[in-house]
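Coordinate-derived values only; no laboratory data. Remember, predicted model here, so these are calculated numbers, not experimental data. All Cβ positions, glycine included, derive from the backbone under ideal geometry; neighbour counts span all protein chains shown.
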Amino acid sequence: MSTTPMQLGDLLAQLPPRTNQQAGEQPLPPTLTNSLDADTSPWYVKALVGIAAWIAALFLGTFLGAAGLIDSYESMLILGAVLTAIAIVLRRLTPRSIFWGQLAFAVVLAGQGLLVGGFAWWNDNATNTAFFVMALEVVVFLLYPDALHRMLSVLAITGAALFVLYEYELQEWVHGLTFLLAVGAVAIWQQELRLLTSRWQGFRAPLGYGLALALFGICLLPPANDFFFFFWATQWWISAAVLAVVLLYLAFTLLHELAQPILSPMGLWALGAVALLLIPAYQTPGILAAVIVLLLGYWRNNVLLMGLATAFLLFFLSTYYYYLDITLLNKSYILMGTGGVLLLLRFLFHQVVGQQHGDLEA
Amino acid sequence: MTTELSQLPATPGRLRRLAQLGYLDRQGLEQGLRLTGGIPNRQGWARFLDYSLLVLGALFFTSGLFFFVAYNWEELPRFARFGVLEAAIVLLLLITHWVGLNRLGGKIALTVASLLVGALLAVFGQEYQTGADAYTLFGNWALLIAGWVLISKFDLLWGVLWALLNLTLVLFWNQVLPGDQYPQPETLFALNAVALIVWEVMGRRFTWWQHRWLNRLTALVAFGFILWPTLATIFYLYDDYYELPMIHRYGPLLYALFLLAVFFAYSRWQPDLFMLTMAMFSIIIVLTTLIGLSLAEVDDVASYFITGFSVIVQAGLAVTILRRLAQRWEVNA
């Protein structure tokens, strides 16, 4: 990849005027790291904000309970609705204030907790509560303009959808959810540049990261099945198959962008690698999910996405150990065989493609 | 010295931000990203595929070999079990020698060889039922690969050594001298604090130490271990013991000194917002614990509200300071 050190001013001057408003009359801002702007914060600062808001929300919720303010489902529902509404208004009125933003985050979490708790108490039906969570999170996703909270909403909606499938004994439909999440994640990152320059830019990060994390979450179910959580879905090869389809689509898209025919050396090597990964990914779809996110991360120069994918890939590989349907010896043959062929592919790739592109390794 | 934004390096992150602020349209952003490498070109993808095949291949193969050893295949004679692993190690060392340690292939081969040393020690334990504590396995493993790590020019392999040393020490305390009457967290903190200093010095000295993931992970673990005696002191957990090591009394002091060192080092010497964020978060944990405990003795109900509110204020302050620092670094770049 080209890493030409170039100054921002020089680069902007190289862009055609129609694409470069700075070339017109709009001067550049003094800095891009606005101390009052949450969008410029790195992920770990946002994580600090999120964790602190959760802790604060727990304390505030406990206070409301201990103070006797929530002694019935009516009081929970009313107080929850009021707190959620206040938080939304507060966040919209003070979009740049760190303190009010932090307060609003804690209040909106406490408000939703009360709303869900109140609904569950009143309705006394877990499935209806899950539907309520989905509806509530869709509303809060649209109305509460915070990237981190929106990402949490995506995760909450996925969790509630899983619960509904479980309650209706439609566990095998989870593979459809896997497909939707993977397609959604690919679509968002594929359209990243379009989203960034549109009025929908606020949805890019929460949807992009949220869908990827939700996909990983679903892929945690097969190993969890063997341990502490019995989800009943057994045909995880279907998830692996649909993820392979998404991975192939992504590979074709990337080859198309690079103007590489599918039958070019790079295309054939990429397809060979995808086909090989299907062997260990049978019953461990997380491996394919991690590879999809890894590709998306590299495509969009997104270190966080690549880091997440790497961490989950290592995790899914280690859970393969606990997959019970085949013996450890056969697992070892599959893994060693896959690894060996991948290394062989790499060796051949180096010989063929390396000669076209010069030295591949620094 | 203040730098104009236009004089700063054109990075993909800055271009994305300019697009978000409306300075670039989609075509401009895409073109800018291609010029700065924010969208990989054909050669970039070829290199990525090359690295991915290598790393994934090595990862799968090594996992398979570990599974093979774990299977403890009784039909396989003893010498074959040792032979498979030893042959693999020798082959990997030959590949390392052939490819060289300046290339990723050589580094990965040496890393896999280092991991297989652990598998070899595990087989040794299985075969001869040595009955030794697990910490000796990890300690010997670390000792045996230390020389390779020194010459590896690879931060991942240094990370393996670091993980092994931590495991050795944790298992030593758990298996040999368990209990709060021994300086477990302090020694683990010391190990990680020293490791952090070593990583920082190496990062300054060697160009191959390019990433900061190991530095950050080590600092995170160091914070975790020093928060343990600090919080135990706040919760009066050590008061139940008659004989405690003196070092426990100095847990909060060690934490404060580490905090100061982190703030100084990563705000001036080696600017790193991640480290400062961790330090801020640790302060929030300690202060919230102090506030909550103190108030709970006075009024239970009010303590929940005030503690929750204090978390909001602390996080707000922390984020304000962190963002201002980041802004100052960018302007003074």
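Per-residue mean of foreign Cβ neighbours for A:342-348 is 6 (Cβ atoms of other chains, 10 Å radius).
Remark on residue B:24: its backbone amide H falls under 5 Å from those of B:19, a criterion applied only to residues 5 or more positions apart or on other chains, H modelled at 1.01 Å from N. Estimated purely from DSSP H runs of n ≥ 4, each contributing -39500 (n - 2.57), the mean residue ellipticity at 222 nm for chain B is -26500 deg cm²/dmol once divided by its residues. The value obtained for region A:124-178, namely the Cα convex hull volume divided by the number of residues, is 68 Å³ per residue. Based on Cα atoms of chain B, Rg over Rh with Rh as the Kirkwood radius reads 1.04.
This ranking places B:50, B:239 by how few other beta-carbon atoms lie within 10 Å of each, fewest first, which gives B:239, B:50.
Look at the stretch B:285-296: the mean tally of other chain Cβ atoms within 10 Å of its residues' Cβ atoms is 1. Across every direction, the projection of the convex hull enclosing the Cα atoms of region B:73-128 has a mean area of 3.7 nm². When the Gaussian network model of chain A links Cα atoms closer than 10 Å, the mean-square fluctuations of A:274, A:116, A:341 top out at A:341.
The residue A:264 and residue B:163 beta-carbon pair, evaluated with R₀ = 51 Å, returns a calculated FRET efficiency of approximately 0.80. Taking the inverse of the mean 1/r over every pair of distinct Cα atoms in region B:270-326 gives a Kirkwood hydrodynamic radius of 12.2 Å.
Taken over region B:10-80, the convex hull of the Cα atoms encloses 137 Å³ per residue. Annotation: the residues B:211, A:350, B:248, sorted from fewest to most other C-beta atoms within 10 Å of their own C-beta, follow the order B:211, A:350, B:248. For region B:218-305, the Kirkwood estimate of hydrodynamic radius, built from reciprocal distances between every pair of different alpha carbons, is 14.4 Å. Let me test this: with uniform point scatterers at the alpha carbons of the protein assembly as shown, what is the Debye-based log₁₀ I(q)/I(0) at q = 0.05, 0.08, 0.09, 0.11 1/Å? Result of the Debye calculation: -0.27, -0.74, -0.97, -1.50. The phi torsions of region A:153-166, fed into the Karplus equation with coefficients 6.51, -1.76 and 1.60 and a -60° offset, translate into couplings of 5, 4, 5, 5, 5, 4, x, 5, 4, 4, 4, 4, 4, 5 Hz, rounded to whole numbers, with Gly and Pro shown as x.
Net charge dipole, chain B: roughly 1800 debye, given to the nearest 20, about the Cα centre with Cβ charges of +1 for Lys and Arg and -1 for Asp and Glu.
As a ratio to 2.2 N^0.38 Å, the alpha-carbon radius of gyration computed for region B:40-135 takes the value 1.30.
Diffusion coefficient of region A:82-198 by Stokes-Einstein, Kirkwood radius over Cα pairs, 20 °C, 1.002 mPa s: 136 µm²/s. Annotation for region B:273-333 versus region A:181-208: alpha-carbon center distance of 32 Å.
Rounded to the nearest Hz, the phi-derived 3J(HN,Hα) couplings of region B:305-312 under the Karplus curve 6.51 cos²θ - 1.76 cosθ + 1.60 (θ = phi - 60°) are 5, 5, 5, x, 5, 5, 5, 4, where x marks glycine and proline.
Each residue in A:92, B:103 was given a count of other beta-carbon atoms within 10 angstrom of its own, and listing them fewest first yields A:92, B:103. 3J(HN,Hα) couplings calculated from phi for region B:57-67 with the Karplus curve 6.51 cos²θ - 1.76 cosθ + 1.60 (θ = phi - 60°) are, in sequence order, x, 5, 5, 5, 4, 5, 4, x, 5, 5, 4 Hz; Gly and Pro show x. When you work out D = kT/(6 pi eta Rh) for region A:56-140 at 37 °C and 0.692 mPa s, using the Kirkwood radius from C-alpha pairs as Rh and the Stokes-Einstein form, the result is 251 µm²/s.
For the peptide B:321-329, the mean number of other protein chain Cβ atoms found within 10 angstrom of a residue's Cβ is 5. Run the reach check for residue A:331 against lysines, Cα to Cα strictly under 27 Å, same-chain hits fewer than 8 apart removed. What comes back? List returned: B:107. Working value for chain A: equivalent-ellipsoid semi-axes of 40, 32, 16 Å, each the square root of 5 times a Cα gyration tensor eigenvalue, largest first. Using the Cβ-Cβ distance between residue A:72 and residue B:299 with R0 set to 25 Å, the FRET efficiency works out to roughly 0.55.
An ellipsoid equivalent to region B:153-311, defined through the eigenvalues of its Cα gyration tensor, has semi-axes of 31, 22, 12 Å when rounded to whole angstrom and sorted largest first. The orientation-averaged shadow of the Cα convex hull for region B:75-208, equal to a quarter of the hull surface, comes to 9.3 nm².
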